[in-house]
Amino acid sequence: MSTEPLFRQKFDQAVISGSRHAVARLSAAAGLYGQRLDDFVLAVNEMMTNAVRHAGGRGVLTLWCADSVLHCEVADNGQGIPAESLKPQQRPPTLALSGRGLWLARHLCDSVTINTGPHGTTVLLRIGLAHRPV
């Protein structure tokens with residue numbers, strides 16, 4: 001990360017909501033708005049939820065802006081994501097109880113990078129800041 005974070009917080013289930021609100025507020029202040037803001041915040045929330053549900057219950061979220069791109073990194077110390085879950089997939093079934101988080105992130109953000117292994121996972125979400133219409 002080459003610039004100073006806008007926000008960095010350790011999270012667990014108890015603070016996901018507050019972290020999500022902070023990401024929404026700071027992303028809007030950075031210039032993200034409308035549906036793209038909603039999409040980005042949803043993707044960030046899904047990645048935090050995945051860390052809580054599948055990777056030991058906690059993680060670290062870091063948000064920063066560089067070169068007109070908003071970046072959010074969600075890192076955990078879990079056992080890693082199984083290879084079959086990393087493959088691009090079709091939309092999960094409507095009644096499926098899980099499996100939507102990564103799929104959503106890949107469709108809501110401009111870029112998603114996943115580094116995973118037996119000592120944890122880091123997901124980097126990126127979305128470009130567009131100028132507001134005049």
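Taken together, the values in this text are just the output of simple stated rules run on the coordinates, not laboratory data. Just so you know, these numbers come straight off a predicted model, no measurement behind them. Using ideal geometry, Cβ is built from the backbone for each residue, glycine included, and neighbour counts are taken over all protein chains shown.
Assorted remarks:
- Taking each residue as 0.36 nm, the span from Asn77 to Ser17 lengthens on full extension beyond its C-alpha to C-alpha distance by 19.5 nm.
- Modelled this way, with points 7 Å down the Cα-to-C-beta line, the labels at Lys87 and Leu129 are 3.9 nm from one another.
- The label-point distance for Gln35 and His119, in a model that sets each label 7 Å from Cα toward Cβ, rounds to 4.2 nm.
- Derived scalar couplings between HN and Hα for segment 105-110 equal 4, 5, 8, 9, 10, 6 Hz in order, rounded to whole Hz, by the Karplus curve 6.51 cos²θ - 1.76 cosθ + 1.60 (θ = phi - 60°), x for Gly and Pro.
- The dipole here belongs to the chain: it is taken about the Cα centre, uses +1 on the Cβ of Lys and Arg and -1 on the Cβ of Asp and Glu, and is about 200 debye.
- Footprinting exposure proxy for Asp76, Asp39 (fewest neighbouring C-beta atoms within 10 Å first): Asp39, Asp76
- Taking Kirkwood radius over Cα pairs in Å as calculated from this structure, the corresponding entry among [x] 15.0; [y] 14.7; [z] 16.2 is [x].
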